Amino acid sequence: MDSKNAHSDDSTEEENTIIDLDKILTEEIGQFGWFQLRTVTLTAIAVIFSGAVAIEYVFTTARTNTRCLIPECESTDQSIDFSPAWIFNAVPAASSSFNGCQRFANISTNDNANVSETCPVSLFDTNKVINCEEFVYENTNTVVFTFGIACQEWKRSFIGSARTIGTLFALPITGFVSDKWGRRTALAINAVIRASLGLSRAWVNTYVGYTALQFLEAVLGSGVFSSAYILVMELLGPKLRVIGGASMNAFFSLGSICTGLLAWGVPDWQNLTQVLYIPMFITSFSLWIVPESLRWTLSKGRYEESEAVLKTAARLNGKNLSDRSLLALRKAVEEEKNVNALEAWEKQAEPWLIVQVFKHKQVMIRCIVSPVWWITYTFVYYGLSINAVNISGNHYLNFVAVSMMEIPGYWTSIFLLGNIGRKPVLICAFWLCAACQVAYIFMPEGYYGISLTVYLIGKYAIAMVVSALYVYTAELFPTRHRHSLLGFSSMGYSTFEKLPFVLFGSCALLSGCLVFITPETLGAKFPDTMEEASDIGKSTDVS
């Protein structure tokens with residue numbers, strides 16, 4: 001009788017046990033096995049393609065050297081030498097080359113017909129400079145030639161700006177789709193749209209159409225990385241999420257490396273566009289093999305679908321998953337839903353978020369300084385990538401080298417964050433980046449190897465900042481408002497020969513200084529309330 005009661009008590013205790021998804025992943029399925037490897041591999045391919053096309057405009061819309069067509073000396077009916085021996089007779093000098101947008105005015109007379117010299121200086125009034133009427137292009141590789149936008153720098157730059165602005169719209173759209181229809185759905189839709197709109201640009205024959213498609217692709221397709229990132233994070237075990245996040249960033253950088261190499265081999269912008277987007281279009285359909293996020297399906301009450309995925313995961317990983325654990329997981333999800341509903345009800349009686357922020361000085365300070373960090377990161381990170389094609393040497397290899405430096409930066413940051421803390425990593429990384437920008441500004445001409453090394457160290461440093469910012473900023477804010485305040489902090493995005501480096505260095509130096517006024521979060525638990533967030537870094541010892 002006692003034994004029977006004991007067995008009954010044990011059964012009741014087991015039935016009442018609540019098991020969350022992390023516990024099942026850790027203890028029964030395995031945090032990383034064949035199931036997770038398949039998912040990570042398929043999403044990584046999508047991320048690599050996303051990284052490859054994210055900044056392809058650096059090459060497809062790159063500056064193209066031009067000069068005025070000189071009808072007195074040459075004709076479009078014949079082969080034209082871009083740098084003929086007589087060029088400085090007709091075109092003013094500029095820096096180490098010649099002016100690309102202006103020429104000397106013509107003063108030809110009937111006597112000039114008898115001159116024996118080809119295009120002599122006597123044909124031109126060297127005291128009068130006029131704008132080009134027609135242009136000669138050094139090459140036809142970019143849209144600058146195709147759309148005839150020589151010496152219209154604002155038009156060329158606006159293409160990148162349109163893409164950047166579109167990316168800002170993509171964040172809320174992708175978030176809505178992801179939350180309503182699932183992470184896998186958001187990932188697949190973004191990938192197909194990005195591939196379709198990107199590929200269609202190869203056959204556009206107008207500047208307006210090309211720019212519009214850049215914008216639309218960014219709005220409707222640039223959520224590939226964020227969707228893949230969230231999907232992977234929600235499928236990995238808790239101990240592997242930091243490594244998983246760094247891996248996703250590394251895959252994105254690998255895509256950029258591929259772009260530099262492909263652009264070197266296929267310089268024509270239309271051919272390059274096809275080479276980049278056709279494989280992405282084909283690969284996009286394989287994303288439907290990827291399972292939906294377990295956390296999302298559970299949150300939607302789709303238990304049968306979640307349990308089927310968990311059983312598949314256990315089978316592929318060679319593990320056994322008990323039905324009792326699945327029942328306990330359902331109970332845990334229902335309990336969490338009740339807690340969330342209660343929190344939502346309590347939140348209705350709370351003051352507005354901005355009021356709460358102003359009531360907690362420490363949180364308000366973080367809301368002021370953290371956007372500066374994120375603006376600096378986006379400004380410097382993308383600015384260094386874009387300007388890599390403008391520094392001396394082979395601009396394709398320069399771009400590849402700069403992209404490669406991101407990967408050790410990510411992993412160095414991940415290693416140091418858990419050993420020396422968040423603040424030292426951020427401060428040192430920001431300041432190292434600033435020092436590199438200052439050194440690059442004052443680097444004498446002709447020191448290509450040294451200047452490139454300094455440039456690469458700067459990119460390495462800002463890549464360290466990327467990994468650290470996601471971790472540190474999230475730990476500074478309370479759970480209930482973390483997503484909103486993190487979004488506020490991370491909004492801001494910028495695109496744009498020594499002026500950029502002055503801005504890069506100034507921003508990085510300032511951001512490093514601002515880290516001093518926020519607390520260290522290494523070892524601190526995620527704060528759940530404004531009060532707990534305000535108390536981060538304060539001593540809890542009682543004398």
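Annotation: extensible slack from ASN271 through TRP34 equals 81.6 nm (criterion: 0.36 nm per residue apart, minus Cα-Cα distance). Near the amide H of ILE149, within less than 5 Å, lie no amide hydrogens of residues on another chain or at least 5 residues away, with H placed in the peptide plane.
Give the shape of segment 18-82 as rounded, prolate or oblate, defined through the alpha-carbon gyration tensor: a ≥ b ≥ c are the square roots of its eigenvalues, a/c under 1.5 means rounded, and otherwise the shape is prolate if a/b is larger than b/c and oblate if not. Prolate, because a/c is 1.5 or more and a/b exceeds b/c. Neighbours of LEU287, meaning other residues whose beta-carbon lies under 13 angstrom from its beta-carbon, give a summed charge of +3 when Lys and Arg score +1 and Asp and Glu score -1. Each peptide in 293-303, 166-176, 212-222, 443-453 receives the mean, over its residues, of other Cβ atoms within 10 Å, and ordering these scores from highest gives 212-222, 293-303, 166-176, 443-453. Remark: segment 379-389, residue by residue, has Karplus-estimated 3J(HN,Hα) of 4, 6, 4, 6, x, 5, 5, 5, 6, 4, 7 Hz, where x stands for each Gly or Pro and the curve is 6.51 cos²θ - 1.76 cosθ + 1.60 at θ = phi - 60°. Under 5 Å between amide hydrogens, built in the peptide plane, is the criterion, and for ASN106 it picks out ASP125 among residues at least 5 positions away or on other chains.
What does the charge count near LEU231 come to, summing +1 for each Lys or Arg and -1 for each Asp or Glu among other residues with Cβ under 9 Å from its Cβ? Local net charge: 0.
Go ahead and collect, in residue order, the members of segment 225-242 whose backbone nitrogen is under 18 Å from a label point 7 Å along the Cα-Cβ direction of SER299. Inside the label zone: 225-238, 241.
Taking 7 Å steps out from each Cα toward its Cβ at ASN65 and TRP264 produces label points 2.0 nm apart. For segment 59-75, 3J(HN,Hα) computed residue by residue from phi via the Karplus equation (6.51, -1.76, 1.60; θ = phi - 60°) reads 9, 6, 10, 5, 4, 10, 4, 9, 8, 6, 6, 9, x, 5, 10, 8, 9 Hz, glycine and proline entered as x. What pairs from LYS239/LYS319; LYS155/LYS459; LYS300/LYS423; LYS337/LYS423; LYS23/LYS300; LYS23/LYS311 go past 26 Å between their alpha carbons? The answer is LYS155/LYS459; LYS300/LYS423; LYS337/LYS423. Between GLN78 and ASN131, full extension at 0.36 nm per residue minus the direct alpha carbon distance yields a gain of 16.8 nm.
Coordinate-derived values only; no laboratory data. For clarity, every value in this text was computed on a predicted model and none was experimentally measured. All Cβ positions, even for glycine, are placed from backbone atoms using ideal geometry, and neighbour counts span all protein chains on display.
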